């Protein structure tokens, strides 16, 4: 057991070193030029789950439920029971819809597996052109989706590791882009009572490039009588990286009694298209039934519209199952606010 424990610590420290190196490199890249808006599939950056949102988006070390598929896949192996399922809905900014659904299954000493789907949709709009400013009779919309499968296992009684592979697709009217990515996470319950450490790398994968019939056109290269009047052409689209993100988090159970549970969490985040920032939050549980949450998102992030978050939750146990309803609210400054609603069932 000691060798396994030492091996776990080596993996954990190695990831931290990699995290530090990536942070320094990325900081140099964005120090003079802000790279906001330079990645594809940015819907993957929208946080999943009302509970994490209510706690300021700090969930890397606390992800011991099915929402770990988004935050830290290592937490899937720490789910108590046979597994868990959840559905999250948010009416996102500019009347868009964001939904996440996932379920996990505990397979005993072999670990745990999970499947998830993330969907982001825009409302339909009329297609307008210079020649038809009132509309061509067509309508367009945009849809983004991510399908993923996860696996996690406890290497020791304190150390867990997990992986997620996912397929990503963005579609805008008649053009689309496809890609693949992997997530990796670790979770370590320290000898200090109530303190857990977590780290994750998300969206490490291929570049994405739009392709489709809306990019094709006919071009007249000479515009002279008798010359070729139409030559097939195509707009050249660039490839873009996925929104790679490194997170390191701590979760501390400050109070754990039958009547009161108090959690404090903090995450450090390093995205490849922005600067480092910190998320933090707290959760007060009353008799493990009612939960009140608050947090602050994107602290130290330059020009951020994000800030305070709040949330609440109810938990009800029914003969071997646990039903939870969570609500999260996040301030987006001039963009107003966003509300998240999550239903989950642990079986």
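None of the figures in this text is laboratory data; all of them are computed from the coordinates on show. Model, not experiment: these values are computed from the prediction. For neighbour counting, all protein chains shown are included, and Cβ atoms are generated from backbone atoms with ideal geometry for every residue, glycine included.
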How many nm separate the modelled label positions at residue 213 and residue 238, each set 7 Å beyond the Cα in the direction of the Cβ? 2.9 nm
Just for the Cα atoms in region 259-347, what are the lengths along the principal axes, largest first, rounded to whole Å? 48, 24, 22
Descending packing, highest mean Cβ count within 10 Å first, for 255-262, 323-330 is 323-330, 255-262
Only residues of region 55-72 count here: report those whose backbone N is under 19 Å from the spot 7 Å along Cα→Cβ of residue 337, or say none. 55-58
I want to check the label-to-label distance for residue 345 and residue 182. Put each point 7 Å from Cα in the C-beta direction and report it in nm to one decimal. 3.4 nm
Using the Cα atoms of region 243-307, I'd like the radius of gyration and the largest Cα-Cα distance, Dmax, both in angstrom. 14.5, 44
Taking Cα pairs closer than 8 Å and at least 6 residues apart, the relative contact order of region 289-347 in percent is 29 percent
Which FRET efficiency value, to the nearest 0.05, do you get for residue 318 and residue 230 by plugging their Cβ-Cβ distance into 1/(1 + (r/R0)^6) with R0 = 51 Å? 0.15
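Any chance you could run the full-extension gain for residue 134 through residue 169? It's 0.36 nm times the residue separation minus the Cα-Cα distance, nm to one decimal.
Extra length from residue 134 to residue 169 when fully extended: 9.6 nm.
Any idea what the alpha-carbon Rg over 2.2 N^0.38 Å comes to for region 144-274?
It is 1.74.
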Tensor-based shape of region 100-139 (alpha-carbon gyration tensor, a/c under 1.5 rounded, otherwise prolate or oblate): prolate
So for region 223-347, averaging the separation of alpha carbon pairs under 8 Å that are six or more residues apart and normalising by length, what relative contact order in percent results? 14 percent
Tell me the Rg and the Dmax, in Å, that the Cα atoms of the chain produce. 22.7, 89
From the mean inverse distance of alpha carbon pairs (Kirkwood) and the Cα radius of gyration, derive Rg over Rh for region 232-275. 1.45
GNM on the chain, C-alpha springs below 10 Å: top fluctuator among 279, 203, 317? 317
Over the chain, relative contact order from alpha-carbon pairs under 8 Å, at least 6 apart, %: 19 percent
Find the Rg to Rh ratio for region 37-158, where Rh is the Kirkwood radius over alpha-carbon pairs and Rg uses the same atoms. 1.14
Fewest-first ordering of 342, 309, 96, 136 by Cβ atoms within 10 Å yields 136, 96, 342, 309
Indicate the gyration tensor shape class of region 195-347 (rounded, prolate or oblate), computed on the Cα atoms with a ≥ b ≥ c the square roots of the eigenvalues: a/c under 1.5 is rounded; otherwise a/b larger than b/c is prolate and the rest oblate. prolate
Given the options 235, 296, 70, which has the most mean-square fluctuation in a GNM of the chain, springs set between C-alpha atoms less than 10 angstrom apart? 235
Choice from 90, 74, 199 with maximal GNM fluctuation in the chain (Cα, 10 Å cutoff): 90
Quick check for you: which residues of region 69-101 have the amide N under 19 Å from the point 7 Å beyond the Cα of residue 304 toward its beta carbon? 71-72, 93
